[in-house]
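The values are calculated or read from the model by the stated rules, or taken from the named source; none is laboratory data. From a predicted model like this one, the values you see are computed outputs, not experimental measurements. Every residue, glycine among them, receives a Cβ derived from its backbone with ideal geometry; neighbour counts consider all protein chains shown. Note: accessible area is taken over every heavy atom of the protein model, side chains too, but ligands, DNA and RNA are not part of it. Shrake-Rupley method; radii C 1.70, N 1.55, O 1.52, S 1.80 Å.
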Amino acid sequence: MSNKTTITELDFFEIKDQLKAFMRSQSKFLDYDFEGSNMSVLLDILSYNTFQNNFYTNMAFSEMFLDSAQLRDSVISHAKELNYLPKSIQSSKATLFIDFVNVAEVTGEGNQLPSYLKIPKFTKFTGRKSGEAFNFITLEDYTVFPDNQDKYCLTGIEVFEGKLVQEEYTVTSNDKQKFILSNENVDTSTIEVHVRENTNISAKKEEFIKKDGIFGVQKADKAYYIKPTQGNRFEIEFGRDVFGEQPLAGSVIEVSYLVSKGVESNGIQAFSGSSISFGGNSYDISITTVSKAIGGSAEESIESIRRFAPKSIQIQDRAVTESDYEILLKTQFPQIQTVAVYGGEELDPPRFGRVVVSVDVNNAEGSSDNDKIAFANYLKERSPLSIEPIVVSPEFMHVNIESIIYLNVDKTEKSPNAVRSDIITSILNYSNTSLNEFAKTMRYSKLLSAIDGADANIISNDTKVRAVIELEPSVTASNYTINFKNELLKDSLTTQNSLEYTPALYSSIFTHDSDQGFIQDNGSGILRIVKTATDGSLIVLHQNVGTIDYTTGKINIVNLAVPSYTGSALKFFANVKSSDIKAPKERIISIRSSDVDITVIGTKDV
């Protein structure tokens, strides 16, 4: 064929135009009407076929590389080449207090009470949220001993959301046999593997332990490995008698795990459970929630896999730089939301030879004591010998927002309450996307944009922001240090009870010597306790309870006793000199709905 044409376009209509141009260049079709003839239909078919081939070829080449792959299976396949295990869905965890309420009645009057009771592994509980029921189970046995009043109760019982699944695989002599879990949404942290000698249910079985890598694994070690596979599932592998013992043909592999709903169960506080059977008896229980369900998270996103898979191969399972600590923890513990790492020499007072790792988990402020122990133990095995990692919960600073919204009522049918709700949602979205991580700055202009963008009929807003740090004070006299680490806006106090004074710092209300007051600075670096009189003026209850450094934002409170206070914590509000509120690398700034006060005023745009 002469006068060959080259198809360079990916758009359907541009491909068709190129084909038309090619046909017109042929002497047989010089004056042919391609728009109003049957030839147009044929060109449509050719264009569609060319477009489909181009699209397929483009996608096929894109899927060959981690950076451009779009399909999750393709991204995971590339990650496997880098020995990276994408994080699975994570079950939420709650902590309960359980009291056996009828032990004496069950054992019978005059009979000896049991020496102990047991809450068996895989005991089921039900959590409820917005009318929906969620399954929770224990993942270990709990032994309950009687106290000095013969009450059988225990706190610290951890229950995990999910449906328990147990599978068995009979090992054949086929070296290519695969053990692929049947379900999606598997929480890989809950997987347990036992190998039974044969198909007899009562045959001897041994537990195999999950390993994240082959370092230090001997051929006789009872180890298993997890790797992702197609269809969002996971596969169990063994060491083939090189890096771990390989189960023999005829043996049976028992696998148990939880299929989780992830974030859906976060926040559950109401739990119930049926009676617990032990020793041939059934005992009724009373359940009290110690800590609500937190930590549930979705599977790792494609973008996260793209980011962390190449980095995981770089660190070689060793923590040397700051980013190494972050990558190792986020790879191993899916519930982690953000990590900050800094040297102990930056502490006050300094702690040389230490690495401070501040960790915040999903859907919670900070991390639990059990989580911190697990994080620290994991890092110790991977840190240099002379360096000790210290895992702490992050410091939090919240933002108090007071905003007056002017709404054009001539152009909207929404009620002020509906607009107010939209504004709060927009502010919280800004917090979730731009804050809620270490060392992020609350940008005042971005906050105003989020407010104005909540509704097209908002004319303007008058917004004030304050930094908020919470403190849980003691009922006995104690000293406290609070550091906003932002320069504060200092005002001058003309008289002791001036009504024109705007304090740089003030607190929420608490009880002081049988009176209700709050802490406020006096404009000269001294903190005092005051209360508001009926005419709005201030009455000083205590002239000096500490100092304030307006430049650094550091607050020192001396010999303060707080018998009671409003709310769950004593709040300290600071007027920051800059419109932007900054956070150092060990602190997280966030905005909570309880700290947002929106007033919507209807007006006309003139």
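Just in the range 231-337: which trypsin sites (Lys or Arg not before Pro) are loop by DSSP and have at most 12 other Cβ atoms within 10 Å?
Arg240
For the range 93-137, what does the alpha-carbon gyration tensor say about shape, rounded, prolate or oblate, given a ≥ b ≥ c as the root eigenvalues, a/c under 1.5 as rounded, and a/b over b/c as prolate?
Taking the square roots of the gyration eigenvalues as a ≥ b ≥ c, the range 93-137 is prolate.
Specify which residue in the list Tyr506, Phe134, Thr172 is farthest towards the positive end of the charge dipole of the chain, using unit charges on the beta carbon of Lys, Arg (+1) and Asp, Glu (-1), about the Cα centre.
The one lying farthest along the dipole's positive direction is Thr172.
Going by amide H atoms built from the backbone, whose H comes under 5 Å of the H on Val320, apart from near neighbours?
Tyr325
Using a probe radius of 1.4 Å on heavy atoms only, what accessible surface per residue do you get for the range 82-161? Whole Å² is fine.
Computed with neighbouring chains in place, this is 50 Å² per residue.
What translational diffusion coefficient, to the nearest whole µm²/s, does the range 208-348 have by Stokes-Einstein, given a Kirkwood radius computed over alpha-carbon pairs, a temperature of 37 °C and 0.692 mPa s viscosity?
D = 168 µm²/s.
How much area per residue is accessible in the range 353-399 when the probe is 1.4 Å and only protein heavy atoms are counted (Å²)?
Value for the range 353-399: 43 Å² per residue.
By how many nm would the segment from Thr107 to Ser386 lengthen if fully extended, with 0.36 nm per residue of separation less the alpha-carbon distance?
So the extension gain works out to 94.8 nm.
Nothing charged except the Cβ atoms of Lys and Arg (+1) and of Asp and Glu (-1): what's the magnitude of the dipole of the range 515-584 about its Cα centre? Round to the nearest 20 debye.
For the range 515-584, the charge dipole is close to 160 debye.
Please sort by residue number the chymotrypsin sites (Phe, Trp or Tyr not before Pro) in the range 231-265 whose DSSP state is loop and whose Cβ has at most 10 other Cβ atoms within 10 Å.
Of the chymotrypsin sites (Phe, Trp or Tyr not before Pro), not one in the loops of the range 231-265 has a Cβ with at most 10 other Cβ atoms within 10 Å.
Show me, bin by bin at 5 Å from 0, the whole-percent P(r) of the range 207-281 based on Cα pairs.
Each 5 Å bin holds this share of Cα pairs: 3, 11, 16, 14, 13, 11, 11, 11, 9, 1.
Based solely on its DSSP helices, what 222 nm [θ] is calculated for the chain when runs of n ≥ 4 H residues each add -39,500 (n - 2.57) and the sum is averaged over all residues, nearest 500 deg cm²/dmol?
Helix contribution divided over all residues of the chain: -6000 deg cm²/dmol.
Let me cross-check Asp17: its accessible surface, 1.4 Å probe, with only protein heavy atoms counted, in Å² to the nearest 10?
Its accessible surface works out to 90 Å², give or take rounding.
Given just the C-alpha atoms of the range 139-272, how large is their convex hull per residue in cubic angstrom?
Hull volume normalised by residue count: 173 Å³.
At most 14 other Cβ atoms within 10 Å and a DSSP loop assignment: could you name the GluC sites (Glu not before Pro) in the range 100-137 that fit?
Glu109
Please report the relative contact order for the range 93-166, taking Cα pairs under 8 Å with a sequence separation of at least 6, and give it as a percent rounded to a whole number.
41 percent
How do Leu407, Leu428 rank by accessible surface area computed with a 1.4 Å probe, from largest to smallest?
Result of the area sort, largest leading: Leu428, Leu407.
Order Ser514, Ser386, most accessible first, counting only protein heavy atoms with a 1.4 angstrom probe.
Descending order: Ser514, Ser386.
Considering only protein heavy atoms and a 1.4 Å probe, what is the carbon-and-sulfur percentage of the accessible area of the chain?
Of the solvent-accessible surface of the chain, carbon and sulfur hold 49 percent.
Excluding ligands, DNA and RNA, what is the solvent-accessible area per residue of the range 455-572 at a probe of 1.4 Å, expressed in Å²?
About 49 Å² of surface per residue is accessible.
Largest first, what is the accessible-area ranking of Val106, Val409, Val255, Val320 with a 1.4 Å probe?
Reading off the accessible areas and sorting them downward yields Val320, Val409, Val106, Val255.
Here are a few candidate values for log10 I(q)/I(0) by the Debye sum over Cα atoms at q = 0.06, 0.09, 0.12 Å⁻¹: (1) -0.37, -0.82, -1.41; (2) -0.51, -0.99, -1.34; (3) -0.33, -0.72, -1.21. Which one was actually calculated from the structure I just gave you?
Label (2) holds the value from this structure.
Hey, can you grab everything whose amide H is under 5 Å from the amide H of Arg351? Only 5+ residues off in sequence or another chain; H modelled, so Pro and N-termini drop out.
Those qualifying (amide H under 5 Å, at least 5 residues apart or on another chain) are Glu345, Glu346.
Determine the dipole magnitude for the chain: charges of +1 sit on the beta-carbon of Lys and Arg, -1 on that of Asp and Glu, nothing else is charged, the reference point is the Cα centre, and the result goes in debye to the nearest 20.
660 debye
In whole Hz, what ³J(HN,Hα) sequence does the range 277-293 give by Karplus (6.51, -1.76, 1.60; θ = phi - 60°), x for Gly and Pro?
Going residue by residue, I get 9, 7, x, x, 10, 10, 10, 6, 10, 10, 10, 10, 7, 7, 9, 5, 5 Hz, with x marking Gly and Pro.
Could you work out the relative contact order of the chain, using alpha carbon pairs under 8 angstrom and six or more residues apart, expressed as a whole percent?
About 12 percent, as a whole number.
What share of the DSSP beta bridges in the chain is antiparallel, in percent to the nearest 5?
Of all bridge pairs located within the chain, approximately 85 percent are antiparallel.
Distance from the Cα centre of the range 78-121 to that of the range 174-220, in angstrom?
Using only Cα atoms to place each centre, the spacing works out to 22 Å.
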